[in-house]
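*Asks:* Take this structure, written in structure tokens, and hold onto it; I'll ask about it next.
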Amino acid sequence: MVASQHSKRGVALVTGGRRGIGRAICVALASRGYDIAVLDIVNDEAVVETLSQIESLGRRAQFYRYDLSQIEQRFEVIDRIEGELGSINCLVNNAGIQTPVRGDLLEVTEANFDLLMDVNLRGTFFITQEVSKRMIRRDTEHRSIITITSANAHLVSPEKGSYGVSKAALSMANQQFALRLADTGISVYEIRPGLIQTDMTLDVRERYSDAIQSGDICPQRRWGMPADIGEAVASLACGALPFSTGDIYNIGGGMQIPKL
């Protein structure tokens, strides 16, 4: 952690921040002046690289190992973050997992379903609830909660059905928080990434690349990059759209556009 002055913007807490989209979000927010609390279930060399990139921008950064499915630990980790870095003014719910087994919807197991719900929905819901309570107690310039869902919150893919259900439910949860917090000055947003080049999409890279290049899936005819999501998050976090809350932003090169 670099020894610099506390950020005037405060602290951004980014779940699943160690690599991929999470890292890009951390770097984009740091470039806008946020100090960053990086939460992830894994502590490895990727964490070191992420912290280094944040600190190279002159911002403070700290890693916290946290398993979203262990919701009873949320109070302790948030206490640590606010004690060590300061008040959380931005929460980015980025952490999530893909279904470990793609296949027939009729063969989805209870264990598979519960795993996706515990991490993608339940864990995210309760960390948002706790951070919201703390944000309400402070009247700072701009407070925001930004949840990363997926194009699968509305595009149906039965081979990964439990994933889509978890993301659709998370989208509704985000709407609930947006309405509850609307008169508190806390802005709540949802970002639905399209096909982004990350480790999570590595196993389908070959499957989708031709359809992307042809424009069948993505009208802009390219894979999205983590920085595309990072820049969208940073813009919203910094108050670029002050009269917006509860809105859904599709960052997928137009793949959400209905077409014949």
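*Asks:* Against the longest principal axis of the chain, how steep is helix 124-136, in degrees 0 to 90 to the nearest 10, with axes from Cα atoms?
*Replies:* Computed tilt is about 30 degrees.
*Asks:* Treating the angle as unsigned and between 0 and 90°, give the value, to the nearest 10°, between the Cα long axis of helix 161-181 and the longest Cα principal axis of the chain.
*Replies:* It is inclined by approximately 40 degrees.
*Asks:* Quick check: the angle from helix 74-84's long axis to the longest principal axis of the chain, C-alpha only, nearest 10 degrees?
*Replies:* Tilt of helix 74-84: around 50 degrees.
*Asks:* Further, regarding this structure: For the chain, what is the percent of antiparallel DSSP beta bridges, rounded to the nearest 5?
*Replies:* So the antiparallel bridges amount to about 0 percent of the total.
*Asks:* Once each part is reduced to its C-alpha centroid, what is the distance from the stretch 109-143 to the stretch 173-218 in angstrom?
*Replies:* 17
*Asks:* Per DSSP helix of 4 or more residues, -39500 (n - 2.57); summed, then divided by the residues of the chain. What does that give at 222 nm, rounded to the nearest 500?
*Replies:* -11500 deg cm²/dmol
*Asks:* Also, I was wondering about something else. Can you list the aspartates and glutamates whose alpha carbon sits under 15 Å from that of Lys8, skipping same-chain ones fewer than 8 residues off?
*Replies:* Leaving aside aspartates and glutamates fewer than 8 places away in the same chain, those within reach of Lys8 are Asp35, Glu82, Asp139, Glu141.
*Asks:* Select from Val165, Leu241, Val14 the residue farthest towards the positive end of the dipole of the stretch 11-245; place +1 on Cβ of Lys and Arg, -1 on Cβ of Asp and Glu, and compute about the Cα centre.
*Replies:* Leu241
*Asks:* Beta carbons within 10 angstrom, averaged per residue: use that to sort the peptides 247-255, 200-208, highest first.
*Replies:* Those peptides, ordered most packed to least, come out 247-255, 200-208.
*Asks:* How many nm is it between the label spots at Glu206 and Ser31, if each spot is 7 Å from the Cα in line with the beta carbon?
*Replies:* The two pseudo-label positions are separated by 3.4 nm.
*Asks:* Using only the Cα atoms of the chain, each taken as one equal point scatterer with no solvent, compute I(q) by the Debye sum, divide by I(0), and report log10 of the ratio at q = 0.16 Å⁻¹.
*Replies:* For the requested q values the scattering log ratios are -1.22.
*Asks:* Give me a comma-separated list of calculated 3J(HN,Hα) values for the stretch 26-43, in order, Karplus coefficients 6.51, -1.76, 1.60 applied at θ = phi - 60°, integers in Hz, x for any Gly or Pro.
*Replies:* So the J values, rounded to whole Hz, are 4, 5, 5, 5, 4, 5, 9, x, 7, 7, 10, 9, 9, 9, 6, 7, 10, 10.
*Asks:* Hey, any idea what Rg/Rh is for the stretch 86-143, computing Rh the Kirkwood way over Cα pairs?
*Replies:* Rg divided by Rh gives 1.19.
*Asks:* Name the shape class, rounded, prolate or oblate, that the alpha-carbon gyration tensor gives for the stretch 35-102, where a ≥ b ≥ c are the square roots of its eigenvalues, rounded holds for a/c under 1.5, and otherwise prolate holds if a/b is larger than b/c and oblate otherwise.
*Replies:* Taking the square roots of the gyration eigenvalues as a ≥ b ≥ c, the stretch 35-102 is oblate.
*Asks:* Tally Lys/Arg at +1 and Asp/Glu at -1 over every other residue whose Cβ is under 15 Å from the Cβ of Arg221; what's the total?
*Replies:* -1
*Asks:* Sort the following peptides by mean Cβ neighbour count (other Cβ atoms within 10 Å, averaged over residues), highest first: 15-22, 115-122.
*Replies:* Taking the mean over residues of other Cβ atoms within 10 Å, the ranking is 15-22, 115-122.
Rule-based calculations on the coordinates, nothing more; no lab input. Here the structure is a predicted model, which means the values were calculated and not measured. With ideal geometry, Cβ positions are generated from the backbone for all residues, glycine too; neighbour counts draw on all protein chains shown.
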